[in-house]
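Peer 1: Can you read through this structure? Questions will come right after.
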Amino acid sequence: MVNPIGIFDSGIGGLSILNKLKEILPNENFIYLADNKNFPYGGKSKKEIFSLSLKNCEKLISLNCKIILIACNTSTTNSIQKLRKSISIPIIGIEPALKPAINYTKTKQIGVLATKKTLGSKLFF
């Protein structure tokens with residue numbers, strides 16, 4: 001069996017990403033980890049978010065994942081840089097597409113649904 005692509009989210013929201021990946025990468029295997037026990041991440045400290053994210057990555061690595069995709073905005077914006085320094089396999093994160101969205105809107109206004117931790121991260125300043 002070819003090593004799978006690992007995906008984690010704080011819940012089940014990332015299943016939409018998994019479904020799209022399965023569509024565009026039909027020959028890949030995937031493992032999806034939903035951290036429902038600790039959902040939501042938005043009210044947690046940056047230290048807690050990193051700790052949970054690292055634990056998720058370590059679990060996916062123990063399952064022989066070749067790459068990890070973080071399907072959680074809060075985890076991506078608050079821990080991806082530190083995770084990349086701690087983990088030996090590639091890590092991809094997702095972020096709200098605010099910059100592209102503003103280019104496509106006719107009114108130059110967009111709505112954003114995100115946790116305070118996501119919007120308060122350095123990636124948005």
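Only the coordinates and a few stated rules stand behind these numbers; no lab work does. Computed from a predicted structure; not experimentally measured. Positions of Cβ are generated from backbone atoms using ideal geometry, with glycine treated the same way; all protein chains shown enter the neighbour counts.
Peer 1: Label Ser45 and Gln81 with points 7 Å out from Cα along Cα→Cβ: what is the distance between them in nm?
Peer 2: The modelled label-to-label distance comes out at 1.9 nm.
Peer 1: Give the long-range amide H neighbours of Leu33: residues separated by 5 or more places, or on another chain, with amide H under 5 Å away, using H modelled in the peptide plane at 1.01 Å from N.
Peer 2: Residues meeting the criterion, in which the H sits 1.01 Å from N, are Ile7, Phe8, Asp9.
Peer 1: Still on this structure: Cys57: net charge of surrounding residues, Cβ under 14 Å, Lys/Arg +1, Asp/Glu -1, itself excluded?
Peer 2: +3
Peer 1: Cα-Cα over 28 Å: which of Lys22/Lys59; Lys59/Lys82; Lys82/Lys106?
Peer 2: Going by Cα-Cα distance, Lys82/Lys106 fall outside the 28 Å limit.
Peer 1: Taking a spot 7 Å from the Cα of Ile89 along the direction of its beta carbon, which residues of the range 20-45 have an amide N less than 16 Å from it?
Peer 2: Counting only backbone N, you get 28-34.
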